[in-house]
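What follows draws every value from the coordinates through simple rules; no lab data is involved. Just so it is clear, the structure is predicted and the values come from calculations on it, not from any experiment. Here Cβ is always computed from backbone atoms with ideal geometry, including for glycine, and neighbour counts include all displayed protein chains.
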Amino acid sequence: MYIGTKKSLINVNISNIPGWRTNRKIVVIESDDWGSIRMSSENAFQKLLKAGVPVDKSHYNLYDSLESNLDLEMFMQVLEKFNDKTGRPPVITGVNIVANPDFEKIKENGFSQYVYEPISSTLTRYPEHDRVLDLWQEGIQKRLLFPIFHGREHLNVQRWMLALQNNHATTHLGFDCQVTGIPGVGINGEDVPNFQAAFDIDTMNDLVYMKEVLKTGLELFETIYGFRSRYFVPTNGPFNNTLELDLHSLGVEYINTAKKQHEPLGEGNYKTNIRFIGNKNKHGQHYITRNCFFEPSSSGFEWPTNTDWVNNCLKEISIAFRWHKPAVISSHRVNYIGFHDPKNRENSLKKFEILITQMLKKWPDIEFMTSTELGDLISNKK
């Protein structure tokens, strides 16, 4: 929601008018993709680039990786510097993946069957990640981090396995590098399907498997973090709404959605559903939409190089408060990862610290909440 023109400023205001309202100045920070592998190593990046896969054209492939000990430590150190009017620090709603492909076992079975491993196993294969789950628990105890469910893995399993079984060259190279999130163009210009959208469907028959993904994923989430996630953010956005009933039966009360949700219907067809914060579906689940963006790592990629992320986000927060809306900020994990490039983490944390400082200076009555806490307020549970 880059505010770069008068027209975009008007559109941001209009999009904030409908939906649930409050006079409280609530700030929620949602950060997607924690737990997913993305770029496995610098060697993998160079191998893909040398083969002609344009991994350098995506900030996710350039900067993002499984969070390290230092990534989490440095993020929490910044959060601990601040308090809102209630005395509580900013809290990150960590939108978490709980599993990744078990590449070794998939290769052993000749790509005939998909096998996943929990994030606890993935972490053991990375060199600076032995305390990551302990740090998540520390973050939960200090109310700096609050994990919620993003999906079992950040991967469209059926689509990826079909490409592997059909000997898709770029997908196999990515597999050898233990990377699934590769660009849409591969070796020698080969088209690469979107593997990141875990809940996109090619046919309605895919829904049977996705029901199992939701069930096993939410159960694994509870095993890892010690509680059931009541909030769900589908990876990359696409999500067939018949699955909302399955989420309801699994204890999910709140669902993240774009204001224009593109619902996949199979065979390349999508339905656009218009939603606003606080809307309720037929199962009694409330939708939460984002209206502010802080994505400094995307400058020069998805957004203009000169984007002023601090002032842009402050403008969006101001507009949200003008229309009596909570400010729900999107800020992906990639911004805070320095495992491959420490300067990426340093740059984003510096800007993030300025953002929080300016936010509290401008609105000293801000209240920091998790997405689940906001959902409970919207649904009158709190």
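Taking the Cβ-Cβ separation of Ile17 and Asn241 as r and a Förster radius of 25 Å, what is the calculated FRET efficiency to the nearest 0.05? The calculated FRET efficiency here is 0.55.
For Asn273 and Asn311, the difference between the fully extended length at 0.36 nm per residue and the C-alpha to C-alpha distance is 10.6 nm.
Across the range 343-357, rounded Karplus estimates of 3J(HN,Hα) from the backbone phi angles (6.51 cos²θ - 1.76 cosθ + 1.60, θ = phi - 60°) give 5, 4, 5, 4, 5, 5, 5, 4, 5, 5, 5, 5, 4, 5, 4 Hz, Gly and Pro being marked x. Across the range 213-227, computed HN-Hα scalar couplings (Karplus, 6.51 cos²θ - 1.76 cosθ + 1.60, θ = phi - 60°) run 4, 5, 5, 5, x, 5, 5, 5, 4, 5, 4, 6, 9, x, 8 Hz from first to last residue, x flagging Gly and Pro.
Sorted fewest first by neighbouring Cβ atoms within 10 angstrom, Arg290, Arg228 come out as Arg228, Arg290. Over all distinct Cα-Cα pairs of the range 300-373, the Kirkwood formula returns a hydrodynamic radius of 13.8 Å.
Spin-label model, Val185 to Asn166: label points 7 Å out along the Cα-to-beta-carbon direction sit 2.0 nm apart.
Among the listed pairs Lys142/Lys351; Lys259/Lys351; Lys315/Lys361; Lys315/Lys381; Lys142/Lys315; Lys260/Lys280, a Cα-Cα separation exceeding 21 Å is found for Lys142/Lys351; Lys259/Lys351; Lys315/Lys381; Lys142/Lys315.
Backbone phi angles across the range 198-212, fed through the Karplus curve with coefficients 6.51, -1.76 and 1.60 (θ = phi - 60°), yield HN-Hα couplings of 4, 10, 6, 10, 9, 9, 5, 5, 4, 5, 4, 5, 5, 4, 5 Hz in residue order; Gly and Pro are listed as x.
Per residue of the chain, the DSSP helices (runs of n ≥ 4 H) give a summed -39500 (n - 2.57) that works out to -11000 deg cm²/dmol at 222 nm. Around the amide H of Phe293, modelled in the peptide plane, lie the amide H atoms of Ser330, all under 5 Å away and 5 or more residues distant in sequence or on another chain. In plain terms, if you count all Cα to Cα distances in the range 181-241 and split them into 10 Å steps from zero, the share in each step is 19, 40, 29, 11, 2 percent. Globularity index of the range 1-140 is 1.39 (Cα radius of gyration / 2.2 N^0.38 Å, N = number of residues). Per residue, the convex hull spanned by the alpha carbons of the chain comes to 136 Å³. Converting the Cα gyration tensor eigenvalues of the range 72-169 into ellipsoid dimensions via √(5λ) gives semi-axes, longest first, of 36, 14, 10 Å.
May I ask which residue of Phe276, Cys177, Ser371 lies farthest towards the positive end of the charge dipole of the range 6-378, with charges of +1 (Lys, Arg) and -1 (Asp, Glu) on Cβ and the Cα centre as origin? Positive-most Cα among the choices belongs to Phe276.
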